[in-house]
Amino acid sequence: MHTEGKTMMDPVKKEYLEHGGDRFIVCAPDQLELALDEFVDEYGEAPDVYLLTEVAQELEKWKAPETCRYSGEKPVYILV
(Lines give C-alpha, C1' and ligand atoms only; values in the text may rest on other atoms or scores of the structure.)
Protein backbone atom coordinates (compact mmCIF):
# COMPACT_ATOMS: atom_id res chain seq x y z
CA MET A 1 0.00 0.00 0.00
CA HIS A 2 1.51 3.33 -1.02
CA THR A 3 0.16 6.73 -0.14
CA GLU A 4 1.64 10.19 -0.19
CA GLY A 5 -0.57 11.58 2.56
CA LYS A 6 -2.27 14.96 2.52
CA THR A 7 -0.11 18.05 2.38
CA MET A 8 -2.41 20.73 3.82
CA MET A 9 -3.82 20.03 7.23
CA ASP A 10 -7.51 20.47 7.97
CA PRO A 11 -7.77 23.68 10.06
CA VAL A 12 -9.95 21.99 12.70
CA LYS A 13 -7.49 19.13 13.14
CA LYS A 14 -4.58 21.56 13.17
CA GLU A 15 -6.18 23.52 16.01
CA TYR A 16 -6.96 20.26 17.80
CA LEU A 17 -3.29 19.23 17.83
CA GLU A 18 -2.12 22.74 18.74
CA HIS A 19 -4.32 22.58 21.85
CA GLY A 20 -3.00 19.24 23.05
CA GLY A 21 -5.36 16.82 21.32
CA ASP A 22 -4.29 13.21 21.67
CA ARG A 23 -6.48 11.37 19.17
CA PHE A 24 -3.73 10.65 16.68
CA ILE A 25 -1.35 7.87 15.70
CA VAL A 26 2.11 8.25 14.21
CA CYS A 27 3.53 5.33 12.28
CA ALA A 28 6.20 4.07 9.94
CA PRO A 29 5.18 3.33 6.33
CA ASP A 30 5.06 -0.43 6.85
CA GLN A 31 2.64 0.02 9.78
CA LEU A 32 0.14 2.31 8.03
CA GLU A 33 -2.50 -0.36 7.41
CA LEU A 34 -2.39 -1.44 11.06
CA ALA A 35 -2.64 2.20 12.18
CA LEU A 36 -5.66 2.81 9.94
CA ASP A 37 -7.44 -0.25 11.34
CA GLU A 38 -6.65 0.70 14.94
CA PHE A 39 -7.74 4.32 14.45
CA VAL A 40 -11.12 3.26 13.06
CA ASP A 41 -11.58 0.66 15.81
CA GLU A 42 -10.57 3.08 18.58
CA TYR A 43 -12.27 6.30 17.41
CA GLY A 44 -15.09 5.03 15.20
CA GLU A 45 -14.17 7.15 12.17
CA ALA A 46 -11.68 7.17 9.33
CA PRO A 47 -8.66 9.41 9.94
CA ASP A 48 -7.02 11.97 7.73
CA VAL A 49 -3.50 10.82 6.89
CA TYR A 50 -0.70 13.39 6.69
CA LEU A 51 3.03 13.32 6.24
CA LEU A 52 4.46 13.91 9.70
CA THR A 53 7.15 16.25 8.37
CA GLU A 54 4.47 18.49 6.81
CA VAL A 55 2.46 18.62 10.04
CA ALA A 56 5.57 19.40 12.09
CA GLN A 57 6.32 22.34 9.75
CA GLU A 58 2.76 23.67 10.08
CA LEU A 59 2.72 23.25 13.86
CA GLU A 60 6.04 24.72 14.88
CA LYS A 61 5.33 24.56 18.64
CA TRP A 62 3.92 21.02 18.54
CA LYS A 63 6.32 18.23 19.52
CA ALA A 64 5.92 15.26 17.20
CA PRO A 65 6.50 11.78 18.64
CA GLU A 66 9.89 10.43 17.59
CA THR A 67 8.99 6.76 17.17
CA CYS A 68 6.29 4.73 15.47
CA ARG A 69 3.54 3.52 17.83
CA TYR A 70 4.21 -0.06 16.72
CA SER A 71 7.96 -0.19 16.21
CA GLY A 72 11.09 1.72 17.08
CA GLU A 73 11.25 3.16 13.59
CA LYS A 74 11.04 6.83 12.76
CA PRO A 75 7.41 7.68 11.95
CA VAL A 76 6.47 9.03 8.52
CA TYR A 77 2.68 9.40 8.82
CA ILE A 78 0.29 10.92 11.32
CA LEU A 79 -3.33 9.85 11.39
CA VAL A 80 -5.68 12.41 12.92
Treating only Lys and Arg (+1) and Asp and Glu (-1) as charged, each at its beta carbon, one finds that the chain has a dipole about its Cα centre, in Debye to the nearest 20, of 260 debye
Indicate the gyration tensor shape class of segment 6-80 (rounded, prolate or oblate), computed on the Cα atoms with a ≥ b ≥ c the square roots of the eigenvalues: a/c under 1.5 is rounded; otherwise a/b larger than b/c is prolate and the rest oblate. oblate
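Hey, can you find the accessible area per residue of the chain for me, probe 1.4 Å, expressed in square angstrom?
Per-residue accessible area for the chain comes out at 64 Å².
The values are calculated or read from the model by the stated rules, or taken from the named source; none is laboratory data. Small disclaimer: the values here were computed from a predicted structure and weren't measured. Positions of Cβ are backbone-derived with ideal geometry, glycine not excepted, and every protein chain shown enters the neighbour counts. What goes into the accessible areas is simple: the full protein's heavy atoms, side chains included, and nothing from ligands, DNA or RNA. Shrake-Rupley method; radii C 1.70, N 1.55, O 1.52, S 1.80 Å.
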